[in-house]
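I have placed the structure first, in the form of structure tokens, so that the comments after it can refer back to it.
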Amino acid sequence: MAHRFGNPARVAEAYKSRLANWPQITEGDGHSLQDFSDFLTRCEGAMQSMKHMEELNSSRLLQEISSKLPSYSGSRCCRHARDKLKKTENAVSFHDLVEFVKEEADLANDPIFSPEALKRKRNKEVEKQRFRRRKVPDASTFASMSSNNENKAKPTERPTANGTSQSKFNLQNQHTAIKSAQSTQMRTKLLIPTRACVVLLAGAVA
């Protein structure tokens, strides 16, 4: 920027303008947070050679810069500033903000312990649990299935007019029908030889 604009005041304004127009960083966008951290580091380097950059230590600009952070980092930034004020009675500086954003960017891009990595891990565990619930019936389902099978296997017993259950009544009717059929078969067997004898006698008389 110094080569492009030349005048230190114009360079400082260009830095501050770019910070003011920096897009809001969304949750889980570790790449954008890292870009923001890198630019803040460049701004801090420019502060060492240009007094016009000292305005970055003002509360107004620090608050504006902090508002670009994702909500979870912004909340931690506010707590960080408050804790420092309580412990040292000194307000946070631009250097403090640069160091804080650097740590947040490192955390956001950690492949194992970043918030997004942990969120993906939790989502996978939730999906596994849902799959297990769909695959394995619970105890209540087993009980319901068992009860349904028992009801299908068990004949329905309805009381008859004399108080006898329908199943018992059906068994009695079946037993009577079998006895009647057996008796009919016996009579048929006895009648066949008798008819044969009558035919023979009739032939002899003739």
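Based on this model, can you work out whether residue 75 counts as more than 37 Å from the chain's Cα centre (by Cα), among the hydroxyl-bearing types (Ser, Thr, Tyr) and assigned by TED's automatic domain parsing to the domain that holds residue 108?
Here the answer is no, as residue 75 does not meet what is asked.
Being under 18 Å from residue 99 (Cβ atoms) and polar (S, T, N, Q) is the filter here; which residues of the stretch 15-55 pass it?
Hits for the stretch 15-55 are 34, 37, 41, 48.
Across the stretch 32-91, what is the number of residues that are farther than 14 Å from residue 19 by Cα and among the aromatic types (Phe, Trp, Tyr)?
So the count comes out to 1.
Conditions (1) in contact with a His (Cβ under 6 Å, 6 or more places away or on another chain); (2) modelled with pLDDT of 90 or more; (3) under 25 Å from residue 34 (Cβ atoms); (4) in a helix (DSSP H, G or I), marked per residue:
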site: 90; (1), (2), (3), (4): no, no, no, no
site: 106; (1), (2), (3), (4): no, yes, yes, yes
site: 117; (1), (2), (3), (4): no, no, yes, yes
site: 120; (1), (2), (3), (4): no, no, yes, yes
site: 126; (1), (2), (3), (4): no, no, no, yes
site: 141; (1), (2), (3), (4): no, no, no, yes
site: 150; (1), (2), (3), (4): no, no, no, yes
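Residue pairs, Cβ under 8 Å, 6 or more apart or interchain, first in the stretch 15-30 and closer than 28 Å to residue 112 by Cβ, second among the hydrophobic types (A, V, I, L, M, F, W, C) and part of a loop (DSSP other than H, G, I, E, B). List them.
25/69
Considering only the stretch 43-57, state which residues are at pLDDT 90 or above and surrounded by 13 or more Cβ atoms within 10 Å (Cβ to Cβ).
Those that are at pLDDT 90 or above and surrounded by 13 or more Cβ atoms within 10 Å (Cβ to Cβ): 43, 44, 46, 47, 53, 55, 56, 57.
For (1) on the phi > 0 side of the Ramachandran plot; (2) within 32 Å of the chain's Cα centre (by Cα); (3) surrounded by 14 or more Cβ atoms within 10 Å (Cβ to Cβ), each residue gets a yes or a no:
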position: 28; (1), (2), (3): yes, yes, yes
position: 34; (1), (2), (3): no, yes, yes
position: 37; (1), (2), (3): no, no, yes
position: 60; (1), (2), (3): no, no, no
position: 66; (1), (2), (3): no, no, yes
position: 80; (1), (2), (3): no, no, yes
position: 87; (1), (2), (3): no, no, no
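For residue 68, only one of the following conditions fails: (1) more than 26 Å from residue 48 (Cα to Cα); (2) of a type in the set (Lys, Arg); (3) modelled with pLDDT of 90 or more. What is its number?
(1)
For the stretch 31-48, give me the residue count where each residue is more than 30 Å from residue 111 (Cα to Cα) and in contact (Cβ under 8 Å) with a residue 24 or more places away in the chain.
Summing the residues that are more than 30 Å from residue 111 (Cα to Cα) and in contact (Cβ under 8 Å) with a residue 24 or more places away in the chain in the stretch 31-48 gives 2.
Is there a residue in the stretch 95-102 that is out of contact with any Gly (no Cβ under 8 Å at 6 or more places or on another chain), of a type in the set (Val, Ile, Thr), assigned by TED's automatic domain parsing to the domain that holds residue 7 and part of a helix (DSSP H, G or I)? Walk me through how you get there before you give the answer.
Taking the stretch 95-102 first, the residues out of contact with any Gly (no Cβ under 8 Å at 6 or more places or on another chain) are 95-102.
With of a type in the set (Val, Ile, Thr) added as a condition, the list becomes 98, 101.
Pick out the ones that are also assigned by TED's automatic domain parsing to the domain that holds residue 7 and you get 98, 101.
In the following step, the residues that additionally are part of a helix (DSSP H, G or I) were identified as 98, 101.
Yes, the stretch 95-102 contains a residue that is out of contact with any Gly (no Cβ under 8 Å at 6 or more places or on another chain), of a type in the set (Val, Ile, Thr), assigned by TED's automatic domain parsing to the domain that holds residue 7 and part of a helix (DSSP H, G or I).
The values are calculated or read from the model by the stated rules, or taken from the named source; none is laboratory data. Quick caveat: nothing in here was measured; it's all calculated off a predicted structure. So basically every Cβ, Gly included, is an ideal-geometry build from the backbone, and we count neighbours across all protein chains shown.
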